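Before any comments, here is the structure.
The values are calculated or read from the model by the stated rules, or taken from the named source; none is laboratory data. Just so it is clear, the structure is predicted and the values come from calculations on it, not from any experiment. Note that we place each Cβ from the backbone using ideal geometry, even for glycine, and neighbour counts take in every protein chain shown. Protein only, heavy atoms only, side chains kept; ligands, DNA and RNA dropped before computing areas. Shrake-Rupley method; radii C 1.70, N 1.55, O 1.52, S 1.80 Å.
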Amino acid sequence: MHAEDDAGVHALPITVTYGERDLTITPTLVKTDRGLVLCDVGPQGAVNGLETHLRSLGYDLEDIWLVVLTHHDGDHAGGLAELKDRVDAVVGTHRDEAPYISGERDPIKGDGDRYPSVPVDIELADGVRIPTGAGPMEVVATPGHAPGHVSLYFPDGNLLVAGDALVADGTEPLAGPKPQFTPDMDRAIESVGKLAGLEIDHTLCYHGGYVPQGSDRIREICEQ
């Protein structure tokens, strides 16, 4: 990433083993007056990679005060219990995702062998804004890929942290959610249309990382 780092938003690309393959993921770190916000954790085994990134930026894991999960898939939330064993951080996610993370329901995707459950402290809603060093971080409900999937929007920098509502790890520099991993594709495309209505200049995807594309490309995806 470029100017986003100066504004206090850092991409944390990590390569992890997930299932039977190596997977590159991109959690996001955001500076606030209270400490660090971590957007998504990664699967089980990702915490060491997160710690390495934080140390390179001059932080420790203990500086994380809030973890925001875009949704409950294992490659985003599977490492949360390991992180919570080491850090007394608040956990926030959309109310429709909370039962899957807390263990009240089994994850929608997967083979039934779920990751360790963790209580959710804050249930986030569409439009909630969290103060950060990069200006307000706004929760945008983008269901479809998961029932309560959220993306995170920084209007001061026209930056979108997309979660899995958009991806950048295929042949296109920025694309819509992957149908094979998206239970409700109709809702997911509606969510892409919602994102297209925001002023976005650059996008950070969990799968694919930073892309210097925004609203124009997102509108193209929606129209396709």
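Being modelled with pLDDT of 95 or more, out of contact with any Ser or Thr (no Cβ under 6 Å at 6 or more places or on another chain) and part of a loop (DSSP other than H, G, I, E, B) holds for only one residue in PRO173, PRO183, and it is PRO183.
Output yes when any residue across the range 126-141 is free of Cβ contacts under 8 Å to residues at least 40 places away in the same chain, exposed (fewer than 14 other Cβ atoms within 10 Å of the Cβ) and outside any loop (DSSP other than H, G, I, E, B), and no when none is. There is at least one residue in the range 126-141 that is free of Cβ contacts under 8 Å to residues at least 40 places away in the same chain, exposed (fewer than 14 other Cβ atoms within 10 Å of the Cβ) and outside any loop (DSSP other than H, G, I, E, B).
Across the range 206-224, the number of residues qualifying as within 16 Å of GLY157 (Cα to Cα) and surrounded by 15 or more Cβ atoms within 10 Å (Cβ to Cβ) comes to 5. One residue stands out among those in the range 33-76 that are surrounded by fewer than 19 Cβ atoms within 10 Å (Cβ to Cβ) and touching a His at 6+ places or on another chain (Cβ under 8 Å): the one that is farthest from THR182 (Cα to Cα), which is LEU57.
Within the range 194-218, the set of residues being small (Gly, Ala, Ser) and not in a helix (DSSP H, G or I) comprises GLY197, GLY208, GLY209, GLY214. Whenever a residue of the range 44-70 is farther than 23 Å from ARG129 by Cα and at pLDDT 95 or above, its partners that are in a helix (DSSP H, G or I) and open to solvent by 10 Å² or more (accessible area, probe 1.4 Å), lying with C-beta atoms within less than 6 angstrom and at least six residues away or across chains, give the pairs VAL47/GLU82; LEU61/GLU51; LEU61/ARG86.
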